[in-house]
Amino acid sequence: MHYERPSHERWLISYADFITLMFTFFAALYALSSVDKAKVESFSGSLKQAFKVIEEPIPLYEERTRTLVQDISKNIQGIEGISVKTDPRGVVVTFSDAVLFASGAAEIKQEAFGVLEKLSKVINTAPGRIVIEGHTDNVPISSGKYASNWELSTARAASILHFLITKGIDPNRFSIAGYGEYRPLASNETEDGRAKNRRVELVIGGSQ
């Protein structure tokens, strides 16, 4: 039987690997300590420039929003039942239902065509999506044409949509929603509150 003597020199392999790793580590440290200062400053400047580009749209968006609100305000000045404001959704134009529709109807009154046409020209130049929301009070609808306030509020939003599309606004920018009585602005316990709740809202540049 042949007996193989154990090797007592295997530790040299592990030791050599350790020395190689240590050399690599110190070489990396030296390289980092010798980085060209000019290159570091150049890299830092590039980062600052990149972050500056990222920040620019914020004031630009605010400026566009302010301009849009001003333009809309000019076109609705002196017209009762229409208002404009900003909220987290975007720029919101609110129409009292009486300005646009007869009671229980979704056909736009002819006398509302003028202001809607003016607003369409302003909206067409403004960036962003447009959501048209229909809202009602909580009084059950008595008209046989619509099964409930859901259908009436949706039909009213759709009427505004079709009008604006005929004025050349890109249909791909639009979406509509009918909320019935379920997003009230005021209490439905009073006539004044119910009147505030019967409305159509045009939300520009925001998200639903």
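The values are calculated or read from the model by the stated rules, or taken from the named source; none is laboratory data. It should be emphasised that the depicted structure is a prediction, and the values quoted were computed from it without experimental measurement. Methodologically, a virtual Cβ is constructed for each residue, glycine included, from the backbone with ideal geometry; neighbour enumeration extends over all protein chains shown.
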Checklist entry - Among the residues of the stretch 47-62, is there at least one that is more than 28 Å from the chain's Cα centre (by Cα) and either at pLDDT 60 or above or over 30 Å from residue 148 (Cα atoms) (or both)? => result no
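One line per residue, one yes/no per condition, for (1) surrounded by fewer than 17 Cβ atoms within 10 Å (Cβ to Cβ); (2) outside the structural domain of residue 164 (by TED's automatic domain parsing); (3) over 23 Å from residue 149 (Cα atoms); (4) hydroxyl-bearing (Ser, Thr, Tyr):
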| residue | (1), (2), (3), (4) |
| --- | --- |
| 76 | no, no, yes, no |
| 81 | yes, no, no, no |
| 84 | no, no, yes, no |
| 90 | no, no, yes, no |
| 105 | no, no, no, no |
| 119 | no, no, yes, no |
Next on the checklist: Here is a list: 169, 141, 165. Which entry is in contact with a Pro (Cβ under 7 Å, 6 or more places away or on another chain) and over 18 Å from residue 83 (Cα atoms)?
Outcome noted: 165
Checklist entry - Across the stretch 117-175, what is the total count of residues that are out of contact with any Ser or Thr (no Cβ under 9 Å at 6 or more places or on another chain), of a type in the set (A, V, I, L, M, F, W, C) and touching a residue at least 60 places away in the same chain (Cβ under 8 Å)? => result 3
Next on the checklist: over 17 Å from residue 174 (Cβ atoms) and over 17 Å from the mean Cα position of the chain (by Cα): which single residue out of 109, 121, 85 fits that description?
Outcome noted: 109
Checklist entry - Before we move on, is residue 181 modelled with pLDDT of 95 or more, touching an Asp or Glu at 6+ places or on another chain (Cβ under 8 Å), more than 22 Å from residue 65 (Cα to Cα) and not hydrophobic (A, V, I, L, M, F, W, C)? => result yes
Next on the checklist: I'd like the full set of residues that are under 15 Å from residue 106 (Cβ atoms) and in a loop (DSSP other than H, G, I, E, B), limited to the stretch 175-189.
Outcome noted: 179, 180
Checklist outcome for this item: Residue set 104, 114, 90; condition within 24 Å of residue 163 (Cβ to Cβ), of a type outside the set (Val, Ile, Thr) and at pLDDT 95 or above; output residue 114
